[in-house]
Amino acid sequence: MEERISHFLILRNINKNYGGVKALEKVDLDIMEGEIHCLVGENGSGKSTLVKIITGVVKPEPGGKIEIKGESFEFLDPLTSFLKGIHVVHQDLSLFPNLSVAENIAIHEHIMKKSGLVNWKRIYEVADRVMKRLGIYIDPHIQVEKLSVADQQLVAICRSLASDAKLMILDEPTSSLTSREVERLFSILRDLKSRGISILFISHRLDEVLDIGERITVLKDGKKVGTFRKEELDKKKLTYLMTGRELAFVRRSKGLEKKVPILKVENLTKYGQFENVSFELHSGEILGLIGPRGAGRTELALSLFGMNPPDSGRIFVEGKEVSFKSNRDAIKHGIGYVPENRLTQGLVLEQSVKNNLVITILERILNDFRLIDEERKNKVAEEMVRKFGIKTAGMDVAAKTLSGGNQQKVVLAKWISTAPKILILDGPTMGIDVAAKESIYRLVSKLANEGIAVLFISDESSEVTANCDRIMLMKNRKIVGVFKKDEISEEELERRIKE
Amino acid sequence: MMRKSRWKIYNQTEFYLFIVLIVLSTILAFVNPKFLRLENIFDLLRNYTFLGILALGQLVVLISGGIDVSFTAIATVSQYIMGVIISKYYIDNILVALAIPIPIGIALGLVNALLVYYTRVHPVIITISTLNVFYGFLMFITSGRWIYKFPPSFRNFVQIKILSFTSAKGTPYGLSILTLFWIIVAVMTWFILKHTNIGRKIYAVGGNLEAARRAGINIFRTYIFVYCYMGGLAGLASFVQAQLAQIIQPNAIVGKELDVLAAAILGGASVFGGSGTVPGAILGVLLIAIIKNGLVLMRIPAYWHQVVMGAIIAGAASVTALQMKFKSRRMVRKNVD
Amino acid sequence: MSIKELLNTRMIFKKTQATVLGFILIFLIILMTIMTRGKLLHLSNLQAVAFQLPLLGTLTLAQMIPMITGGIDLSIISTANLSGIIMAFILTKLSGWYTTPLAIVVGVAVSLVVGVLNGILVAYISVPAIIATLGMMIFIRGVALVLTRGYVIAGFPDSFVFIGNGDIFGIPMPFIIFFALILLMLLILNKTRFGFNLYMLGSNITATEFSGVNVKRVLFNTHLLSSLLAGVASIIMISRFNAAQADYGQSYLLLTVLACVLGGVNPAGGYGKVMGVFASIVVLQVVATGFNLLGFSSHLANALWGLILLIVMLINRMISKAE
């Protein structure tokens, strides 16, 4: 079925080497006018390099061809790319928090104009026109820093529309949106498509890719696996194409028989974040906590870890009521927390792998004079690297040099070595590749079998149903259901999350 | 989601500053009725023009996310060169005198801009260094000699008044022409920040440097504008200071950098960049002026002035920090709604 | 320290910076040795260095700790002067066997009070260190001026003056104190929990807090330790000058920052080793003595210091760009 629409962008034979490493190899890409095209691939598959070539930030190796609406280029520079209508909505949105909504939308009025003066009337007109076009309203006078993340994202989209985007590249646009906000975003994207604007949607959330995309291009190890119509794919097949292997979840076999409640939460409430949360967690159990983003999962986890004092309700650890003044109190009671954001909360990226590993267990490497014993420190750290199979160039290299999966292993290792009774994992497999995911699942399962109680927070119903003994569903700040393993299928859980 | 109008005036630093200013003035007026006399107010405005102009320059640098502590050295160097030229060649033309320090200031500002942009080191460290380089070499070359033989036009200029009155005792007083400089610079700075593209780019760069770069804003040019503007105003301010003092002492200005920074920060400019307004910078200077004047009127020894200033800076910074803490706590809640 | 550890220190210490520093300053020392016809390296001059170095050195150590957290302490010189003035009051008003120890205890206590105030502002109220310590610097200098009305307080007991001018087996007392401080700092930064946490916090305060470190306490202690070192510097300073005043040593503030940056402390936080800073202090002091011998005024010396710092930063940038 050939539709009568023309190409907006054609890439042919794009190569890019970084000092001998082939980041991209013979990649072709076609984007039609008014098409929603998705780009998927694991970390390091070349997605971001490809985007940088399209936006003119990096030059491809000679020999390739870039064609925008019939005009050929060997490479692009940022200005040309921009003037041709290729705009990026970055993951961090790249907005100016101190400027008004209108100015953010019409920022190119400042940059592109030759005259030195600001035409305020025009700035408000532009903002007004673009927002009307999208059928949304945000007070144009308000400062962007006062908006919610979802509204900020709309401002970023408005900004690229204002400067006449023909191809809008959205880089992980849904990573901090609630499910309702994602729906709103998608309806806006479909609307843009109907007006002939092309969209390149980059995401690692395959459900969303399969929902919004018309065609999907898969990259793997810098090579293009292929471009597929949505109808040709399902999640399983897409995963296979991305990773070259089936993500066969080894379903967790039954855990320990004798279950002792170790954490008990009663009517825990923090207004505006979560309400009347009650549950029990047993040692040796993996309890999944799933729900749409924005449901209050992370806020709840932080309260259990002593970093977000609740307004009311009670927490019991091993039968004794506790009240945490800080996360140090929680740690003393045997709670560990692997945070949501590995790069900013989980690791001190600039410092060595060794120091990141021992930061939680300094007490153990102090000698009789309360001084750090280097030998013990090295021994402990090396043992952890071995035990958790962390691949690193050395103990003294900065943590930022590690791959995502190995970084996450460092975070897990530093908490597991505190010998916690309760381990809270907040999105432990987010943004890491399949092989690393599997080893993390195995590790968590092993920990539970050793008697640790695990609270496993996740977005993905597939990993929760495969790995957890029980699953709690949280929606709109409340726990709305608890299911035993095998009591609920992946599809059913997915449906309940969405409804 | 609440949508607030921009006209919520009591949300703004300037409003609080204004209230503090009124309250302090009232107290001072009770303590010493002299304070509210037009004569005293005009004197105050004239004497603080120097500080006022510099605070406006610093404001622009702070908004861009930078900071400049070398402006006192820039002022000293440009003032000294002006003094040497007009006294040596006895140039009896005030416009020429005025035209000398400004380009020198701009040139030295350019040095700062280039170093800040090129080295990517925090501007505090860069400008502490240039402060020492500029000032050190000037003192080395001049050995700190004073200049005081000025042509008549230079001596008489300071006497010019825009508004003239006669006091009850028969002595004339009025609004000094120097204060007019402050007013002009204030209007100019306000216009640049609010109504020119470079002004908005300065806010953008200070608000989010990376986003500014991605949006295609020329960071280099923005830095050049910002530091040269500060330098040019330092040159102008040095002219004003020389007029008031009628003597050029190379050690008269260096050491005032903290007063200027304090005024700009009191006026709501953030050291993290992106925020600050012209009315705030003016109110900040006036607040410092009134406090210092008040201390004099209350016959508190000069030694105490620094104690009070330091306490005010620490206090104002604490209030701002606590406000930010409270705000971020509220933001968490709002985002979740 | 074992050799292995020294090598370790080297690895973290920024190599480029160390090389640049080394080249420029060794070049300067050779140049000045020639210009002073070898006088610079005479024993008497080296001894002068050993007497002068501890003051700059101790103040630099005081600056180094907050700089590792990514902050700065602008109030160290004022703190040293205030402590000095209080000590001077005791030393001149009281006389007895207890005068010197009492003065030292009270002087150190005064510096700790300043440290507590800085710590509260920075750690618990979250005021940016540069503004908090700026305000404190003006405030403390004000208090010092109020106490002295600008006069110099001079004439201390011999037992106190000995600290700044005496020697034991030919080794100047100030140098012995400084040497002890260097050892102490090596211990604190490399071997204690506080030191470990300091570097982690300097690189990423959020992740450090998530790991269960009491970051507020670490920041508080940072300023406490910084002010304490300023207090010790004060003892060295006023005993050496046999006088105290509100405005001594203002030009040292730039020099401490210079010494830290040259010694490999990253102003953005997270990096900086005691030995790097120590090397930078030694070389700076030799160069300063050279300036003295050449008859350079303090203004010219300051200008040259500024110039050197700028050149080093430019070269650093060129090197990192080339990489």
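The values are calculated or read from the model by the stated rules, or taken from the named source; none is laboratory data. Note that the structure is a prediction, hence the values are computed from the model and not measured. Positions of Cβ are generated from backbone atoms using ideal geometry, with glycine treated the same way; all protein chains shown enter the neighbour counts. With ligands, DNA and RNA removed, areas are computed over all heavy atoms of the protein, side chains included. Shrake-Rupley method; radii C 1.70, N 1.55, O 1.52, S 1.80 Å.
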Query raised in the report: Leaving out ligands, DNA and RNA but keeping every protein chain, what accessible area does B:Tyr117 have, in Å² rounded to the nearest 10, with a 1.4 Å probe?
Result: 70 Å²
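Got a number for carbon plus sulfur as a percent of chain C's accessible area, 1.4 Å probe?
Details: 8590 of 12310 Å².
Carbon plus sulfur share of accessible area: 70 percent.
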Query - Compactness of segment A:348-444, expressed as Rg and Dmax over alpha-carbon positions, Å - result: 13.5, 45
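What do you get for Rg/Rh over the protein assembly as shown if you use C-alpha atoms and the Kirkwood form of Rh? Spell out each step's value before the answer.
Numbers: Rg = 32.7 Å, Rh = 33.1 Å.
Rg/Rh: 0.99.
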Report summary line: Taking the reciprocal of mean 1/r across every pair of different Cα atoms in segment A:1-103, the Kirkwood radius in Å is 15.2 Å
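In terms of solvent-accessible area of protein heavy atoms at a 1.4 angstrom probe, what is the ranking of A:Ser175, B:Ser164, highest value first? Please list the in-between numbers first.
On the way: A:Ser175 40, B:Ser164 90 Å².
So the residues, ranked largest to smallest area, are B:Ser164, A:Ser175.
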Query raised in the report: Is the shape of chain A best called rounded, prolate or oblate, per the rule: a/c under 1.5 gives rounded, else a/b larger than b/c gives prolate, else oblate, with a ≥ b ≥ c the square roots of the Cα gyration tensor eigenvalues?
Result: prolate
Requested in this report: Could you tell me what percent of the accessible area of chain A is made up of carbon and sulfur, with a 1.4 Å probe and every protein chain present?
Outcome: 49 percent
Report task. Using only alpha carbons, build the gyration tensor for segment C:84-141 and give me the equivalent ellipsoid semi-axes, biggest first, whole Å. Result -> 30, 11, 5
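Looking at the calculated P(r) for segment B:24-77, what percent of the C-alpha pair distances fall above 13 Å?
69 percent
Quick one: accessible area per residue over segment C:214-323, 1.4 Å probe, rounded to a whole number of Å²? Each step should come with its number before you reach the end.
Values: 3420 Å² over 110 residues.
For segment C:214-323, the solvent-accessible area averages 31 Å² per residue.
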Query raised in the report: Where the only charges are on Cβ atoms (+1 Lys, Arg; -1 Asp, Glu), what is the dipole of the protein assembly as shown about its Cα centre, to the nearest 20 debye?
Result: 1060 debye
Query raised in the report: Principal axis lengths of segment C:174-234 from Cα atoms, whole Å, largest first?
Result: 42, 20, 14
Query raised in the report: Going by the alpha-carbon gyration tensor, a ≥ b ≥ c the square roots of its eigenvalues, is segment B:1-142 rounded (a/c under 1.5) or, if a/c is not under 1.5, prolate (a/b greater than b/c) versus oblate?
Result: oblate
Requested in this report: Excluding residues on the same chain fewer than 8 positions from A:Lys16, give the aspartates and glutamates whose Cα lies under 16 Å from its Cα.
Outcome: A:Glu25, A:Asp28, A:Glu61, A:Glu74, A:Asp77, A:Asp221
Report summary line: For C:Val152, placing the label point 7 angstrom along Cα-to-beta-carbon and taking segment C:293-315, residues whose amide nitrogen sits under 15 Å are none
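Evaluate 2.2 N^0.38 Å with N set to the residue count of segment A:395-499, then give the Cα radius of gyration divided by it.
Working it through for segment A:395-499, the quotient is 1.17.
Based on the Kirkwood radius over alpha-carbon pairs, what is the Stokes-Einstein translational diffusion coefficient of chain C at 20 °C with 1.002 mPa s viscosity, in µm²/s? The partial results should precede the final answer.
Working: Rh = 20.3 Å.
The estimated diffusion coefficient comes to 106 µm²/s.
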Report task. Evaluate segment C:248-313: find the radius of gyration of its Cα atoms, find its Kirkwood radius, and give the ratio Rg to Rh. Result -> 0.98
Query - At least 40 Å² of accessible area lost relative to the chain alone, listed for segment A:73-120 with a 1.4 Å probe - result: A:Ser94, A:Phe96, A:Asn98, A:Leu99, A:His110, A:Ile111, A:Leu117, A:Val118, A:Trp120
Query raised in the report: Under a straight-distance cross-link criterion of Cα-Cα below 16 Å, which lysines are reachable from A:Lys325, leaving out those fewer than 8 residues away in the same chain?
Result: A:Lys270, C:Lys216
Report summary line: For B:Trp146 and B:Leu180, extending 7 Å from Cα along the Cα-Cβ vector and measuring point to point gives, in nm, a value of 3.0 nm
Query raised in the report: Using bins 10 angstrom wide from zero, how does P(r) for segment B:199-337 break down, in % of all Cα pairs?
Result: 10, 28, 33, 20, 8, 2, 0
Query raised in the report: Leaving out same-chain residues fewer than 8 places away, which aspartates and glutamates sit with a Cα under 14 Å from that of C:Lys321?
Result: none
Requested in this report: Pop the C-beta distance of A:Arg180 and A:Glu266 into the FRET formula with R0 = 35 Å and round what comes out to the nearest 0.05.
Outcome: 0.75
**Report entry** Inter-label distance for C:Ile34 and A:Asp486, nm, one decimal - labels placed 7 Å from Cα along Cα-to-Cβ
**Finding:** 8.8 nm
Query raised in the report: Roughly how many Å is it from the Cα centre of segment C:201-223 to that of segment A:283-310, as a whole number?
Result: 24 Å
Query raised in the report: Okay, which of segment A:8-44 sit inside 14 Å, backbone N to the point 7 Å along the Cα-Cβ direction of A:Lys223?
Result: A:22-28
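Sort segment B:154-258 into rounded, prolate or oblate with this rule: let a ≥ b ≥ c be the square roots of the eigenvalues of the Cα gyration tensor; rounded if a/c is under 1.5, and if a/c is not under 1.5, prolate when a/b is larger than b/c, oblate otherwise.
Details: a/c = 3.84, a/b = 2.13, b/c = 1.80.
Prolate, because a/c is 1.5 or more and a/b exceeds b/c.
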Query raised in the report: Which value, in Å² rounded to 10, gives the accessible area of A:Lys270 with a 1.4 Å probe and all protein chains present?
Result: 30 Å²
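Starting from the Kirkwood radius over alpha-carbon pairs of segment A:323-374, derive D by Stokes-Einstein at 25 °C in a medium of 0.890 mPa s and give it in µm² s⁻¹. Before the final figure, lay out each step's value.
Working: Rh = 12.9 Å.
Once the numbers are plugged in, D ends up at 191 µm²/s.
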Query - Rg and Dmax [Cα atoms of chain B; Å; Rg one decimal, Dmax integer] - result: 20.9, 72
Report task. Kindly report, to the nearest 10 Å², the accessible surface of A:Met112 as traced by a 1.4 Å probe over protein heavy atoms only. Result -> 80 Å²
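Give the Kirkwood hydrodynamic radius (Å, one decimal) of segment B:123-171, defined as one over the mean of 1/r across all pairs of different Cα atoms.
Details: mean 1/r = 0.0660 Å⁻¹.
Every distinct Cα pair counted, the radius reaches 15.1 Å.
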Report task. Could you work out the Rg to Rh ratio of segment A:24-182, with Rh taken as the Kirkwood radius (inverse of the mean 1/r over all Cα pairs)? Result -> 0.99
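Sort A:Ser48, A:Ser303, B:Ser87 by accessible area with a 1.4 Å probe, largest first.
Values: A:Ser48 75, A:Ser303 5, B:Ser87 35 Å².
The ordering from most to least exposed comes out as A:Ser48, B:Ser87, A:Ser303.
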Requested in this report: Please state, rounded to one decimal and in Å, the Kirkwood hydrodynamic radius that segment A:295-387 gives when every pair of distinct Cα atoms enters the mean of 1/r.
Outcome: 15.4 Å
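Using only Cα atoms, what is the ratio of the radius of gyration of segment C:31-106 to 2.2 N^0.38 Å? Intermediate results must be reported in sequence, preceding the final value.
Working: Rg = 18.1 Å, N = 76, 2.2 N^0.38 = 11.4 Å.
So the Cα radius of gyration is 1.59 times the expected 2.2 N^0.38 Å.
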**Report entry** Computed over chain A: relative contact order in percent, which uses C-alpha pairs under 8 Å that are six or more apart
**Finding:** 15 percent
**Report entry** Residues C:Ser298 and C:Val113, FRET efficiency given R0 of 25 Å [Cβ-Cβ distance, rounded to 0.05]
**Finding:** 0.20
Report summary line: Beyond 29 Å (Cα-Cα) in this structure, taken from A:Lys193/A:Lys236; A:Lys224/A:Lys387; B:Lys34/B:Lys194; A:Lys132/B:Lys325; A:Lys320/A:Lys484; A:Lys264/A:Lys414, we find A:Lys224/A:Lys387; B:Lys34/B:Lys194; A:Lys132/B:Lys325
**Report entry** Equivalent ellipsoid, segment B:171-210 (semi-axes from 5 times Cα gyration tensor eigenvalues, Å)
**Finding:** 34, 9, 5
